[in-house]
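S.K.: Below you'll find the structure I mean.
The values are calculated or read from the model by the stated rules, or taken from the named source; none is laboratory data. In this text the structure is predicted, and so the values were computed from the model without any measurement. FYI the Cβ positions are ideal-geometry reconstructions off the backbone, even for glycines, and counts take in every protein chain you see.
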Amino acid sequence: MNRNDLFYHLQSQLGAYPKLYYPLFARKYPYNQMAVRNNTQICIEGFPRSANSYAVVAFRLANPDVAIAHHLHVPAQLIQAHRMGIPSVLLIRKPEEAVASFLVFQHSENADLYLKAYIRFHKALRSIRPHLVVADFQTVIKNMNAIIRALNETYRKNFNFLRDQAGQEDEIFAKLKKVNDQFFAGQKNKSMYPDESRQQAKERAKELVLQSRWLPKAQEWYLEFFKTL
């Protein structure tokens, strides 16, 4: 287990418990700015590499003044948001895709560790699933307005819609690149947008995921949430 694996494993173990997670992992910038707080108006969260960045950038493009909790990638965010009555979106992606991409991001080959984390993430949210808007990867990148519509209907809100998602895609990717350069400059393995240079590494990572005995259970959890869409 490398350093990245060890740190993530600890976060994953504590990530279902807001009282433990926030004091340990979300006290300092920028994580304290991403955590659910009293002024949070919406929470957008999912397992890593599940179109989290795209969803946040696209939503913010239409709703620039709305305070968003995002990118901590732990169930604690959604659990805390639910307790506080904050509109929440759970982003889901097939484990063979999300975990393979995250292995590349983490410079790791430990597919078992990240598949178990995927299972743990979704299992922690099962009891509050009926209270969340669940959105799969393809819906995020193709029809963000469907997610905003579900938010408005579920929580009786009036969030703005994107004017034209397909027509605004260049703007969305430009914003993703700007954020990427701010936090991960020169680290192609951490790209928040499509990057052909990562493809070979992603294919190798996917082989590791497909060979793991934990994949079927992770797929069950994906389907557990996807079947209710």
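S.K.: Of the residues TYR114, TYR155, which is within 16 Å of the chain's Cα centre (by Cα) and among the aromatic types (Phe, Trp, Tyr)? Don't jump to the end; show me each part of the working.
M.R.: On the way: TYR155 fails: within 16 Å of the chain's Cα centre (by Cα).
Exactly one of TYR114, TYR155 is within 16 Å of the chain's Cα centre (by Cα) and among the aromatic types (Phe, Trp, Tyr), namely TYR114.
S.K.: I'm trying to understand the selection: among the residues of region 170-180, which are under 19 Å from the mean Cα position of the chain (by Cα) and of a type outside the set (A, V, I, L, M)?
M.R.: PHE173, LYS175, LYS177, LYS178, ASN180 - these are the residues of region 170-180 that are under 19 Å from the mean Cα position of the chain (by Cα) and of a type outside the set (A, V, I, L, M).
S.K.: Select the helices (runs of 4 or more DSSP H) contained entirely in region 8-119, then report the ones holding at least 2 residues which are buried (at least 21 other Cβ atoms within 10 Å of the Cβ) and of a type in the set (A, V, I, L, M).
M.R.: 52-62, 75-83, 95-106
S.K.: Every residue in region 42-76 that is out of contact with any Leu (no Cβ under 6 Å at 6 or more places or on another chain) and closer than 19 Å to LYS116 by Cα, please.
M.R.: PHE47, PRO48, ARG49, LEU72, HIS73, VAL74, ALA76
S.K.: Let me ask something else. Of all residues being surrounded by fewer than 16 Cβ atoms within 10 Å (Cβ to Cβ) and part of a loop (DSSP other than H, G, I, E, B) in region 202-229, which is modelled with the highest pLDDT? Just the residue, please.
M.R.: Top of the filtered list is ARG213.
S.K.: Something else now. So which residues in region 119-176 are more than 18 Å from PRO95 (Cβ to Cβ) and of a type in the set (Gly, Ala, Ser)?
M.R.: Hits for region 119-176 are SER127, ALA146, ALA150, ALA166, GLY167, ALA174.
S.K.: Another one. Please go through region 158-201 and pick out each residue that is surrounded by 14 or more Cβ atoms within 10 Å (Cβ to Cβ), at pLDDT 90 or above and in a loop (DSSP other than H, G, I, E, B).
M.R.: Correct list: PHE159, ASN160, PHE161, LEU162, GLN165, GLN168.
S.K.: Ok, one more. I need a count of the residues in region 92-131 that are within 13 Å of LEU208 (Cβ to Cβ), in contact with an Asp or Glu (Cβ under 9 Å, 6 or more places away or on another chain) and charged (D, E, K, R).
M.R.: Residues meeting the conditions: 0.
S.K.: Considering only residues that are charged (D, E, K, R) and under 23 Å from ASN110 (Cα atoms), look in region 1-44 and name the one that is nearest to the chain's Cα centre (by Cα).
M.R.: Result: ASP5.
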